[in-house]
Amino acid sequence: MKKLIASEFAQHRIFMGRLPYNEDLIKSMENFCREANIKTGEFSVIGALSSVTTGIYDQKQQVYVTAVKKGEFEILSCTGNISIKDDVPMAHAHIILCGGDGRAFGGHLFSESVIFAGEIVLRELSGETLLRVYDETTGLMLWKQ
Ligand code: ZN
């Protein structure tokens, strides 16, 4: 049986902030992490988007199938983590939204997803640096073990 392998981290700084109007959600978080020198962390975001790009990973073809929606969407839940890919902080986020009909949808969050309003809680973790590397089995960029 394969085992879960995990490293131990301690909670470091905690940031709460407002995301910028009309900017990309993923890029805004990654830029903040670069400027604040955050290499590892986790976050949650609530708010609203005016467009969103979500994806589902096709496990056989090993590609993301994405969909772009424009409109008025509430972020019901958006959580994810920060780790290092190609020497810079990368935000991996999943999101659940709803539109005017109240129906929920979501997936893996991509750029471009445009912020109407957003609030983030970002928890920096200290410990060894988590690096994303290509994983042969899944075709994904996963944490190096
Ligand atoms: Zn994902």
(request) Kindly provide the set of residues from region 46-61 that are touching a residue at least 60 places away in the same chain (Cβ under 8 Å) and more than 15 Å from the ligand (Cβ to nearest atom), ordered by number. (result) ILE46, GLY47, ALA48, LEU49, SER50, SER51
(request) List the number of the failed condition for TYR64; all other conditions in (1) over 17 Å from ASP24 (Cα atoms); (2) within 14 Å of the ligand (Cβ to nearest atom); (3) open to solvent by less than 40 Å² (accessible area, probe 1.4 Å); (4) touching a Gly at 6+ places or on another chain (Cβ under 8 Å) hold. (result) (3)
(request) Would you point out the residue of region 91-106, among those that are of a type in the set (A, V, I, L, M, F, W, C) and surrounded by fewer than 19 Cβ atoms within 10 Å (Cβ to Cβ), that is nearest to the ligand (Cβ to nearest atom)? (result) ILE96
(request) Would you kindly identify the strands (runs of 3 or more DSSP E) lying entirely within region 76-145 that contain at least 1 residues that are at positive phi and not hydrophobic (A, V, I, L, M, F, W, C)? (result) 104-126
(request) Sort out which residues of region 30-53 are in a helix (DSSP H, G or I) and under 15 Å from ASN81 (Cα atoms), and write them in order of number. (result) GLU30, ASN31, PHE32, CYS33, ARG34
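The values are calculated or read from the model by the stated rules, or taken from the named source; none is laboratory data. Quick caveat: nothing in here was measured; it's all calculated off a predicted structure. As a convention, Cβ positions derive from the backbone with ideal geometry for all residues, glycine included, and neighbour counts pool all protein chains shown. With ligands, DNA and RNA removed, areas are computed over all heavy atoms of the protein, side chains included. Shrake-Rupley method; radii C 1.70, N 1.55, O 1.52, S 1.80 Å.
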